[in-house]
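The values are calculated or read from the model by the stated rules, or taken from the named source; none is laboratory data. Since the model is a prediction, treat every value here as computed from it, not as a measurement. Positions of Cβ are generated from backbone atoms using ideal geometry, with glycine treated the same way; all protein chains shown enter the neighbour counts.
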Protein chains: 2
Amino acid sequence: MEDKLIQPFINATLNVIGTMASVPLEAGEVYIKNDPKTWGQVTGIVGMAGEEVSGNMVASFDTGSICEIVSSMLGEDHTEINDDITDAVGELTNMISSNARSELSKLNIELDMAIPMVVVGEGLQISQLGENQVTVIPFKTPKGEFVVAVGLSSK
Amino acid sequence: MEDKLIQPFINATLNVIGTMASVPLEAGEVYIKNDPKTWGQVTGIVGMAGEEVSGNMVASFDTGSICEIVSSMLGEDHTEINDDITDAVGELTNMISSNARSELSKLNIELDMAIPMVVVGEGLQISQLGENQVTVIPFKTPKGEFVVAVGLSSK
């Protein structure tokens, strides 16, 4: 996938988490997904569909990172995956993809978004149909890690 | 969700499975999803997004039903979830949602489709963000069960 399609998702993640939560965030080196297993315990998925390009964005959090982020967002202590956490993952997935979509629109790539789904469970296999590459952007927080994975392909 | 939005997915499932596999199929009574847990061992998810309506279609199969369907589709015996099965679930999810989308288009409901994701794992919690109702269409095959769940809402 072209770099110009990835940078908006890096920017969007830093913007959204930086705005919603007071948690130091570090983006790691982007890589191509090479394992069908997913990373975290709680994963948001949102489909994106346009006339020329379509695909999905996945945001998958380990317990440490998402509890830290949601504790900061809500101003209360969360240490395990519960309904507040899954709702927050859905909302964050929505906000990150909306934010990235606005930036993609400036490149004349127009995408409509579906409604995020949230999957809870560890060591799941989550794969995208077809041969198109999925690009993974890893992020670190002080207490854990999460990834934002983007698989977009031309129709 | 309005009945007119559900019937295309019932028709599409019967059409697609009936065309692709020689497996007797019975649709059960539609109900509103009331449990965040999902049903099957292998689940296809596809986002659908339009200017007026957006959401997801989920197709979730138990091992019995999907092995029966894929064995018939491929003309070879499958008894457990493997890459052929997950690929087939992605393709079936794609075909059912495309087929339903064509019928919805006749009602002037235009949806672009994302690319299906396939999740493997049992007893997962898969939920759609927000308050919109998800309608579940249950199907029975001689060796198992699966559901097609549709959550579409106006923007």
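Beta carbons closer than 6 Å, at least 6 apart along the sequence or on distinct chains, pair a first residue in segment B:114-126 that is among the acidic types (Asp, Glu) with a second that is modelled with pLDDT of 90 or more for B:GLU122/B:GLN41. Taking segment B:88-155 as the region of interest, the strands (runs of 3 or more DSSP E) fully inside it that hold 3 or more residues being more than 8 Å from chain A (Cβ to nearest Cβ) and surrounded by fewer than 23 Cβ atoms within 10 Å (Cβ to Cβ) are B:135-141, B:144-154.
What are the residues in segment B:67-86 that are in a helix (DSSP H, G or I), of a type in the set (D, E, K, R) and touching a residue at least 12 places away in the same chain (Cβ under 8 Å), if any?
Going through segment B:67-86, the residues in a helix (DSSP H, G or I) turn out to be B:67-74, B:83-86.
Imposing the further condition that a residue be of a type in the set (D, E, K, R) reduces the set to B:68, B:83-84.
Those that are in a helix (DSSP H, G or I), of a type in the set (D, E, K, R) and touching a residue at least 12 places away in the same chain (Cβ under 8 Å): B:GLU68, B:ASP84.
Can you tell me which residue within segment B:33-75, out of those that are within 14 Å of another protein chain (Cβ to nearest Cβ) and of a type in the set (Ser, Thr, Tyr), is farthest from A:GLN125 (Cα to Cα)?
Going through segment B:33-75, the residues within 14 Å of another protein chain (Cβ to nearest Cβ) turn out to be B:33, B:35-60.
When the remaining residues are screened for being of a type in the set (Ser, Thr, Tyr), the result is B:38, B:43, B:54, B:60.
Numbers: B:THR38: 15, B:THR43: 10, B:SER54: 25, B:SER60: 14 Å.
The residue in question is B:SER54.
Tell me yes or no: at least one residue of segment B:75-82 is closer than 23 Å to A:VAL118 by Cβ and of a type in the set (A, V, I, L, M). Yes, segment B:75-82 has at least one match.
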